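The structure appears below as structure tokens.
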Amino acid sequence: MNTTAAVDVRGLRKSYDGTTAVGGIDLEIAHGEVFALLGPNGAGKTTTVEILEGYRKRDSGEVHVLGIDPGDADLRWRARIGIVLQNTGGHDDLSVEEVIRHFALYYPDARDPDEVIAAVGLDGKRDTRVRQLSGGQRRRLDVALGILGRPELLFLDEPTTGFDPEARREFWTLISALSDGGTTILLTTHYLDEAERLADRVGVIAAGDIVALDSPARLGGRERDLATVRWLHDGNPQERTTAEPTRLVTELAAEFDGEIPGLAIDRPTLEDTYLRLIGENT
Amino acid sequence: MSVTTDHPHTDPHRTAPPSALRVGLARTVVELKLFFREKGAVVFSFLLPIALLGIFAMVFSNGELYEEAASVDFVQYITPGLLAGGIMLVSFQTLAIGIAMERDDGTLKRLRGTPMPPLAYFLGKIGMVLVAALAQAALLLAAAALFFGVDLPTGPERWLTFAWVFALGTTAGTTLGIGYSSVPKSAKSAEAMVVGPLLVLLFLSGVFLVFTELPEWVQTIASIFPVKWMAQGMRSAFLPDEFEPMEAAGSWQHGPIALILVAWIVAGLILAVQTFHWQRRDA
């Protein structure tokens, strides 16, 4: 069954009133993979994801999501995917539990609502009306509704916006558990640490094109990037950028005969690499 | 946060999503909860006709309207009109505002992203309107009969008239409300763009006053729209036969009422099908 990719996109194009939003994207996401799509606002991220979700029509290109063209997908297909959108509201006067129990009825084989409520950390809020939830709690509810139908493929559009750091880490644990269970996940996010922590592969989209596509560790040739070595010499900060930090440290260790004062070695973070890629492509 | 590691389905022949009818029933329950938990909706669409009836009964004396139909006072005359107005508030106003807001806040988009059958959404709206409109009519009639001395229809024939006018009126208000929900461009403008025009229409249609006292040109304009015919149909169920000649046409006009309401239902249906969308246009 899992011979084809979960998401298979070839030459996807979409423009609005003559302005190109997506300019010919190729993308393949394997079953079970966690894929993060990064890019500045207006780069074509949302357009791409919404075409994959079946919300928008494309101008050209081939798109298969779970083997089916989302442009003419039916409800069975919708039962196999889960979507966490940005900015969705509604059902404000229902309680958390009422909303989740109701949405569970839509799916042929929904998860146990109680389990889902616990999984997203809303146990203490099950009787609270949706309108009384905080921004972060609403986002947890969105996530709960997204995973309720045991999706094979889960779309997460900036899922942790409004989360405090602790909630974000709890969310990462949840996503890892879903991934371990075999769920394919397509994530968009502005948090580079989130992408680095969760994603098997990262795609950077800028001006409607994918400009880099790799694992977080190798994105944009990160692993070959120069390292910056910092240390103190007579209390004065020293800094040298090198392709061979190990050799430099060995030399310094010999020079200092042991501990190198204030030693630090930095490589560009995923965020540095991302910003460089965006800068080069806009 | 944690979930038990249950494996997602990879079997393409897994069971189909639940039927539209079953989900539609569940949506009806949800829609009713949402409607009755929203205090504004309850006061300004559900209870408004009953409050107005009380005000009319207190303000206007119980004098006869016409010598020829001495048993009909203003409160007796206005009760069927308020029934028609109430139907429009619960169906047209609730749906036009509610759906416009659900489109604006992303509720519709979210629903579209689930395997909920689209038909179930509309069944839920229809079910909600039906239950709320019936409950409202029952309350209004109970209040009218118990507190304000209004005579309720006698005999199955008149109740049958009430039934078909109620059914056609509710259906017209429902399809037109769904269609009109695409007119306001945002949730902010929805209330003003729905309540204002509807209120004017209710006035022109003789829901709050005696229709034949309106200037003739106003009567002509009102005759284009469904509310005038709904009110007239309700009067034919509630007022005695000696009142029939007092109507604008000198007759209850059951044939034209049915025809015009059906025409509006069809128009509303076409409008709804043509304009309904699950996402904001600008999104």
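The values are calculated or read from the model by the stated rules, or taken from the named source; none is laboratory data. Bear in mind the structure is a predicted one, so any value in this text is a computation, not a measurement. Here Cβ is always computed from backbone atoms with ideal geometry, including for glycine, and neighbour counts include all displayed protein chains. Accessible surface is based on the protein model in full, side chains and every heavy atom, while ligands, DNA and RNA are left aside. Shrake-Rupley method; radii C 1.70, N 1.55, O 1.52, S 1.80 Å.
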- [ ] Kindly indicate whether any position in the stretch A:5-22 is at pLDDT below 95, touching a strand residue (DSSP E or B) at 6+ places or on another chain (Cβ under 9 Å) and over 19 Å from residue A:70 (Cα atoms).
- [x] yes
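From the list B:192, B:172, B:142, exactly one residue is open to solvent by 20 Å² or more (accessible area, probe 1.4 Å), modelled with pLDDT of 95 or more and under 28 Å from residue B:55 (Cβ atoms). Which is it?
Just one listed residue meets the conditions, B:142.
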TODO: Test residue A:182 against the criterion of being more than 14 Å from chain B (Cβ to nearest Cβ), touching a Gly at 6+ places or on another chain (Cβ under 6 Å) and either without any contact (Cβ under 8 Å) to a residue 12 or more places away in the chain or part of a loop (DSSP other than H, G, I, E, B) (or both), and give yes or no.
DONE: no
Open item on the list: For the stretch A:1-35, give me each residue that is away from every other protein chain (no Cβ under 14 Å) and within 12 Å of residue A:185 (Cα to Cα).
Closed with: A:7, A:29, A:35
Open item on the list: Can you say whether residue B:247 is more than 20 Å from residue B:175 (Cβ to Cβ), free of Cβ contacts under 8 Å to residues at least 60 places away in the same chain and surrounded by 13 or more Cβ atoms within 10 Å (Cβ to Cβ), as far as the supplied structure shows?
Closed with: yes
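Condition check ((1) more than 8 Å from chain A (Cβ to nearest Cβ); (2) not in a helix (DSSP H, G or I)) across all residues:
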| residue | (1), (2) |
| --- | --- |
| B:81 | yes, no |
| B:84 | yes, no |
| B:87 | yes, no |
| B:90 | yes, no |
| B:94 | yes, no |
| B:100 | yes, no |
| B:109 | no, no |
| B:116 | no, yes |
| B:119 | yes, no |
Open item on the list: Could you check the stretch A:263-282 and list, in sequence order, the residues that are surrounded by 13 or more Cβ atoms within 10 Å (Cβ to Cβ) and part of a loop (DSSP other than H, G, I, E, B)?
Closed with: A:263, A:267, A:268, A:269, A:281
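Do you know which residues across the stretch A:185-200 are polar (S, T, N, Q) and either touching a Lys or Arg at 6+ places or on another chain (Cβ under 7 Å) or within 14 Å of another protein chain (Cβ to nearest Cβ) (or both)? If you could, list the steps in order and put the result at the bottom.
In the first step, residues of the stretch A:185-200 are kept if they are polar (S, T, N, Q); the result is A:188-189.
Across the stretch A:185-200, the qualifying residue is only A:188.
Would you confirm, using the coordinates I've provided, whether residue A:54 is farther than 26 Å from residue A:139 by Cα, more than 17 Å from the chain's Cα centre (by Cα) and within 14 Å of another protein chain (Cβ to nearest Cβ)?
Numbers: farther than 26 Å from residue A:139 by Cα: no; more than 17 Å from the chain's Cα centre (by Cα): yes; within 14 Å of another protein chain (Cβ to nearest Cβ): yes.
Answer is no for this residue.
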TODO: Could you list all residues from the stretch B:40-50 that are assigned to a helix (DSSP H, G or I) and surrounded by 13 or more Cβ atoms within 10 Å (Cβ to Cβ)?
DONE: B:41, B:42, B:44, B:45, B:46, B:48, B:49, B:50
Task: Leading residue by the ranking (farthest from residue A:147 (Cα to Cα)) among those in the stretch A:165-176 that are within 9 Å of chain B (Cβ to nearest Cβ) and in contact (Cβ under 8 Å) with a residue 12 or more places away in the chain - done: A:167
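Among the residues of the stretch A:124-150, write down those that are of a type outside the set (A, V, I, L, M), within 11 Å of chain B (Cβ to nearest Cβ) and out of contact with any Phe, Trp or Tyr (no Cβ under 9 Å at 6 or more places or on another chain).
The initial filter retains those residues of the stretch A:124-150 that are of a type outside the set (A, V, I, L, M), namely A:124-129, A:131-132, A:134-140, A:142, A:146, A:149-150.
In the following step, the residues that additionally are within 11 Å of chain B (Cβ to nearest Cβ) were identified as A:129, A:131, A:140, A:142, A:146, A:149-150.
If the condition is that a residue be of a type outside the set (A, V, I, L, M), within 11 Å of chain B (Cβ to nearest Cβ) and out of contact with any Phe, Trp or Tyr (no Cβ under 9 Å at 6 or more places or on another chain), then A:129, A:131, A:142 are the ones that fit.
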Task: Selected residue (only one of B:217, B:264 is among the aromatic types (Phe, Trp, Tyr), open to solvent by 20 Å² or more (accessible area, probe 1.4 Å) and touching a residue at least 40 places away in the same chain (Cβ under 8 Å)) - done: B:264
Open item on the list: If I go through the stretch B:178-203 residue by residue, how many of them are assigned to a helix (DSSP H, G or I) and touching an Asp or Glu at 6+ places or on another chain (Cβ under 6 Å)?
Closed with: 1
TODO: Search the stretch B:12-28 for residues being more than 8 Å from chain A (Cβ to nearest Cβ) and open to solvent by 70 Å² or more (accessible area, probe 1.4 Å), and hand back the single one that is modelled with the lowest pLDDT.
DONE: B:13
Open item on the list: I need a count of the residues in the stretch A:154-168 that are surrounded by fewer than 22 Cβ atoms within 10 Å (Cβ to Cβ) and not basic (Lys, Arg).
Closed with: 8
